[in-house]
Amino acid sequence: MYKLFFIGFLTLFFSKDVAEINWNEERRLVWSDFKGKPDHNSDAAAVTASGISFSYSIKKSNLNGITFTTEVGAHFYPEHSWFKEGVVDAHILNHEQLHFDITELNVRRFRKRLSEIEPSEDLTMVLQKEQTKANKALQEMQDRYDLESNFSINEDLQKEWMLFVKSELQALYAFRSRP
């Protein structure tokens, strides 16, 4: 059966010269944020391109030993996100927003794991492994969300996902993205 409301997700990691919207609990996505050209060969009604940015700095000194700082962000990429006019509605926008919220959830989980790392000589490798783990977990959750909600068609499971993500975001509030 042809699924008119097939919603796609795309996780992309772009350089800093690409316009992006940082996740913010006070700001919801609107259709005008989706600036990419729709793929009319796709069954998808909309695509959200979001991803995790990660950077770190490691300092070694005789006084303090090894210390490090990290920056982790959840981003939406407008130029790579699109929708088909006349096909989308508020329900689909909520589905797309939840993809972005799932990105933030995985950022919070990543920040929590980073906060538990004890500096060591192999810190660079540890941080890189955590980044790989975070990206994999994000992609798996995004895929599971689309599969279980049937790309927003199954409204009951869509609601369950919304409640789950809201609860998880609240549980990890201390690790939230700040404007």
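Kindly indicate which of Glu140, Glu148 is charged (D, E, K, R) and either surrounded by 18 or more Cβ atoms within 10 Å (Cβ to Cβ) or over 17 Å from the mean Cα position of the chain (by Cα) (or both).
Within the list Glu140, Glu148, the selection yields Glu148.
Does Asn41 satisfy the condition of being without any contact (Cβ under 8 Å) to a residue 40 or more places away in the chain, farther than 30 Å from Thr124 by Cα and surrounded by fewer than 17 Cβ atoms within 10 Å (Cβ to Cβ)?
It is true that Asn41 is without any contact (Cβ under 8 Å) to a residue 40 or more places away in the chain, farther than 30 Å from Thr124 by Cα and surrounded by fewer than 17 Cβ atoms within 10 Å (Cβ to Cβ).
Pairs, please: C-beta under 6 Å, at least 6 apart or cross-chain, first residue on the phi > 0 side of the Ramachandran plot and in region 145-167, second modelled with pLDDT under 95 and of a type outside the set (Val, Ile, Thr)?
Partner pairs satisfying both residue conditions: Phe151/Phe6.
I need the full set of residues from region 17-43 which are modelled with pLDDT under 95 and either closer than 19 Å to Phe110 by Cβ or not in a loop (DSSP other than H, G, I, E, B) (or both), in order please.
Those that are modelled with pLDDT under 95 and either closer than 19 Å to Phe110 by Cβ or not in a loop (DSSP other than H, G, I, E, B) (or both): none in region 17-43.
If a residue has to be closer than 23 Å to Asp146 by Cα and either of a type in the set (Phe, Trp, Tyr) or modelled with pLDDT under 95 (or both) to count, how many in region 161-179 make the cut?
Summing the residues that are closer than 23 Å to Asp146 by Cα and either of a type in the set (Phe, Trp, Tyr) or modelled with pLDDT under 95 (or both) in region 161-179 gives 2.
Within region 45-64, how many residues are more than 27 Å from Arg108 (Cα to Cα) and either touching a residue at least 40 places away in the same chain (Cβ under 8 Å) or in contact with a helix residue (DSSP H, G or I) (Cβ under 8 Å, 6 or more places away or on another chain) (or both)?
The total comes to 1.
Does Phe100 satisfy the condition of being without any contact (Cβ under 8 Å) to a residue 24 or more places away in the chain and aromatic (Phe, Trp, Tyr)?
When the stated conditions are applied, Phe100 does not pass them.
With respect to Asn106, determine if the residue is within 17 Å of Thr48 (Cα to Cα), among the polar types (S, T, N, Q) and surrounded by fewer than 17 Cβ atoms within 10 Å (Cβ to Cβ).
Details: within 17 Å of Thr48 (Cα to Cα): yes; among the polar types (S, T, N, Q): yes; surrounded by fewer than 17 Cβ atoms within 10 Å (Cβ to Cβ): no.
No; evaluated as a whole, the condition is false for this residue.
A quick yes/no check of all residues on (1) under 16 Å from the mean Cα position of the chain (by Cα); (2) modelled with pLDDT under 95; (3) closer than 19 Å to Ala137 by Cα:
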{"position": "Phe9", "(1), (2), (3)": "yes, yes, yes"}
{"position": "Ala45", "(1), (2), (3)": "no, no, no"}
{"position": "Gly51", "(1), (2), (3)": "yes, no, yes"}
{"position": "Ile66", "(1), (2), (3)": "no, no, no"}
{"position": "Thr69", "(1), (2), (3)": "no, no, no"}
{"position": "Ser81", "(1), (2), (3)": "yes, no, no"}
{"position": "Lys84", "(1), (2), (3)": "no, no, no"}
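Check Lys159, Lys166, Lys133 and return the single one that is in a helix (DSSP H, G or I) and within 30 Å of Ser57 (Cβ to Cβ).
The match here is Lys133.
The values are calculated or read from the model by the stated rules, or taken from the named source; none is laboratory data. Bear in mind the structure is a predicted one, so any value in this text is a computation, not a measurement. Cβ atoms come from the backbone with ideal geometry, glycine included; neighbour counts cover every protein chain shown.
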